[in-house]
Amino acid sequence: FCMILSMPSDNLTHVVEFILVGFPGKQEIKLLLFFMFFLAYVLTVTENAMIVVLVWTNLQLHKPMYVFLGNLSFLEIWYVSVTVPKVLVSLVTKRQGISFTGCMAQLFFFLALACSECTLLTVMAYDRYVAICNPLHYPIIMDHTLCAHLAIGSWMSGFLISTGKVYFISRQTYCGPNIINHFFCDVSPLLKLACTDMSVAELMDFLLALLTLLVPLIVIMASYV
């Protein structure tokens with residue numbers, strides 16, 4: 001069950017699969033959690049998909065505010081789809097393992113979409129600020145070109161941040177144990193499994209995460225002043 005690849009040449013072992021602890025408990029509780037998560041997942045995907053289709057098909061909604069809202073809904077669909085399906089499978093089966101590559105892929109998209117969402121919310125706050133404080137100049141300031149650049153920039157910033165973090169994490173050596181005390185692959189639980197001392201890396205990750213959350217929060221709060 002525990003899959004660790006031995007490397008006799010350098011007397012090291014490298015983890016090729018991680019085990020997600022998930023939600024321990026009786027099977028009845030797991031089934032209840034399954035239906036709760038499944039219902040929440042279906043509702044989230046359905047509601048956001050309806051918003052995306054509505055914005056895409058209605059020409060009257062092809063305005064910056066609704067374009068950003070459509071992007072946020074599209075992002076939210078993929079954000080929940082990165083983690084929830086795997087959680088649902090682990091709740092009804094005993095398949096709690098995830099390959100090293102699969103874990104890194106899940107971590108990459110989770111971080112990329114989370115960072116993109118923070119940036120996009122900041123952009124939406126700026127759009128609302130311009131619309132309220134400069135209504136006469138709003139069509140000139142927030143034209144289609146700037147709207148497209150802000151939307152694309154939001155996505156790119158998230159994926160660029162995620163690329164750097166996941167590359168660093170994937171280059172670490174994981175020689176066991178391979179049990180992740182979480183229900184999906186996240187940064188902090190993974191760093192705890194690295195063979196080397198990762199205290200500095202954990203501090204840097206915390207500061208970067210704080211910066212990623214704090215800057216959008218300050219901008220959003222400032223837009224209400």
Among the numbered criteria (1) in contact (Cβ under 8 Å) with a residue 40 or more places away in the chain; (2) in a helix (DSSP H, G or I), which single criterion is violated by Phe168? (1)
Filter result for Gly153 (out of contact with any strand residue (DSSP E or B) (no Cβ under 7 Å at 6 or more places or on another chain) and at pLDDT 90 or above): yes
Count - residues of region 18-29 that are over 14 Å from Lys86 (Cβ atoms) and either of a type in the set (Lys, Arg) or not in a loop (DSSP other than H, G, I, E, B) (or both): 4
Inside region 73-98, the number of residues satisfying the requirement of being among the small types (Gly, Ala, Ser) and at pLDDT 90 or above is 2
Among the numbered criteria (1) touching a helix residue (DSSP H, G or I) at 6+ places or on another chain (Cβ under 7 Å); (2) over 14 Å from Met65 (Cβ atoms), which one does Met204 miss? (1)
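Yes/no per residue for (1) within 30 Å of Arg128 (Cβ to Cβ); (2) surrounded by fewer than 11 Cβ atoms within 10 Å (Cβ to Cβ); (3) touching a helix residue (DSSP H, G or I) at 6+ places or on another chain (Cβ under 8 Å); (4) of a type in the set (S, T, N, Q):
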{"residue": "Val16", "(1), (2), (3), (4)": "no, no, yes, no"}
{"residue": "Gly22", "(1), (2), (3), (4)": "no, no, yes, no"}
{"residue": "Val45", "(1), (2), (3), (4)": "yes, no, yes, no"}
{"residue": "Ile51", "(1), (2), (3), (4)": "yes, no, yes, no"}
{"residue": "Leu54", "(1), (2), (3), (4)": "yes, no, yes, no"}
{"residue": "Leu59", "(1), (2), (3), (4)": "yes, yes, no, no"}
{"residue": "Pro64", "(1), (2), (3), (4)": "yes, no, yes, no"}
Say we look at region 122-175 and pick out the residues that are of a type in the set (Gly, Ala, Ser) and under 30 Å from Val16 (Cβ atoms); which of these is surrounded by the fewest Cβ atoms within 10 Å (Cβ to Cβ)? Gly164
Selection count where residues are within 20 Å of Phe159 (Cα to Cα), free of Cβ contacts under 8 Å to residues at least 60 places away in the same chain and not aromatic (Phe, Trp, Tyr), scope region 203-221: 9
Taking the options Val87, Val82, name whichever one is under 14 Å from the mean Cα position of the chain (by Cα) and closer than 30 Å to Ile169 by Cα. Val82
Index of the failed condition, Val87 passing every other in (1) crowded, with 16+ Cβ neighbours inside 10 Å; (2) among the β-branched types (Val, Ile, Thr); (3) closer than 21 Å to Ser116 by Cβ: (3)
Using the structure shown, decide if Gly70 is crowded, with 19+ Cβ neighbours inside 10 Å, more than 17 Å from the chain's Cα centre (by Cα) and assigned to a helix (DSSP H, G or I). yes
Working only within region 141-190, note down all residues that are in contact with a Leu (Cβ under 9 Å, 6 or more places away or on another chain), among the aliphatic types (A, V, I, L, M) and farther than 28 Å from Leu91 by Cβ. Met142, Leu150, Ala151, Ile161
Restricting to region 90-105, what's the tally of residues that are in contact with a strand residue (DSSP E or B) (Cβ under 9 Å, 6 or more places away or on another chain), surrounded by 18 or more Cβ atoms within 10 Å (Cβ to Cβ) and not in a loop (DSSP other than H, G, I, E, B)? 4
Which residue is farthest from the chain's Cα centre (by Cα), if the candidates are limited to region 179-216 and must be aromatic (Phe, Trp, Tyr) and buried (at least 17 other Cβ atoms within 10 Å of the Cβ)? Phe183
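The values are calculated or read from the model by the stated rules, or taken from the named source; none is laboratory data. Source: prediction; values computed, not measured. Here the Cβ is made from the backbone with ideal geometry for all residues, glycine too, and neighbour counts use every protein chain on show.
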